[in-house]
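Peer 1: I have a structure here, written as structure tokens, and I will follow up with some questions on it.
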Amino acid sequence: MRIGELSRRTGVHERLLRYYEEQDLLHPERRPSGYREYTEEDIDTVRRIRSLLAAGLHTPTIATILPCLRDTGDRLVPTCADLLADLHRERERITRSITGLQESLGALDQVIAAAPEDVTRRALAALGA
């Protein structure tokens, strides 16, 4: 299938599919005409990529771990021992990011709470709340 069909079947824009190829995540065959040719398996690969991106992983990490994942239909299962160590490191990175964002949110809440009542009332009115 050509890139337009893959895009339609996965809901992923053609530009993004080309980017996945540039990042070594997709490996379509090339026709003599230069057109990319995708397989049914590429649909599953794109879905795995999307799941891993949604999990907070970056494309270089995904390129490393993608060959070591099996899709059971309801989840991705690691098949390489080294992969678990990489996934634990990524989990720690994400946890640190979440902790930093929670600290920022707490600091912002303190600043908001310190606003005088009349300022708060005007701000909420401007927001339509």
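Peer 1: Do we have Gly73 as of a type in the set (Gly, Ala, Ser), closer than 30 Å to Glu5 by Cβ and exposed (fewer than 10 other Cβ atoms within 10 Å of the Cβ) here? It would help to see each step written out before you state the result.
Peer 2: Working: of a type in the set (Gly, Ala, Ser): yes; closer than 30 Å to Glu5 by Cβ: yes; exposed (fewer than 10 other Cβ atoms within 10 Å of the Cβ): yes.
Spelling it out, Gly73 is indeed of a type in the set (Gly, Ala, Ser), closer than 30 Å to Glu5 by Cβ and exposed (fewer than 10 other Cβ atoms within 10 Å of the Cβ).
Peer 1: Tell me yes or no: at least one residue of the stretch 89-110 is within 30 Å of His27 (Cα to Cα), at pLDDT below 95, aliphatic (A, V, I, L, M) and touching a Cys at 6+ places or on another chain (Cβ under 8 Å).
Peer 2: no
Peer 1: Is it true that Glu22 is over 14 Å from Leu66 (Cα atoms), surrounded by fewer than 19 Cβ atoms within 10 Å (Cβ to Cβ), among the acidic types (Asp, Glu) and in the same structural domain as Arg70 (by TED's automatic domain parsing)? Steps first, please.
Peer 2: Details: over 14 Å from Leu66 (Cα atoms): yes; surrounded by fewer than 19 Cβ atoms within 10 Å (Cβ to Cβ): yes; among the acidic types (Asp, Glu): yes; in the same structural domain as Arg70 (by TED's automatic domain parsing): yes.
Criteria met by Glu22.
Each row is one residue, and each column tells you yes or no for (1) within 26 Å of Arg18 (Cα to Cα); (2) free of Cβ contacts under 8 Å to residues at least 60 places away in the same chain; (3) touching a Lys or Arg at 6+ places or on another chain (Cβ under 9 Å); (4) surrounded by 10 or more Cβ atoms within 10 Å (Cβ to Cβ).
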residue	(1), (2), (3), (4)
Gly56	yes, yes, yes, yes
Ala63	yes, yes, no, yes
Leu69	yes, yes, yes, yes
Ser104	no, yes, no, yes
Pro116	no, yes, no, no
Ala126	no, yes, no, no
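The values are calculated or read from the model by the stated rules, or taken from the named source; none is laboratory data. Predicted, not measured: the structure shown is a model, and the values here were computed from it. No Cβ is skipped: glycine too gets one built from the backbone with ideal geometry, and neighbour counts run over all protein chains shown.
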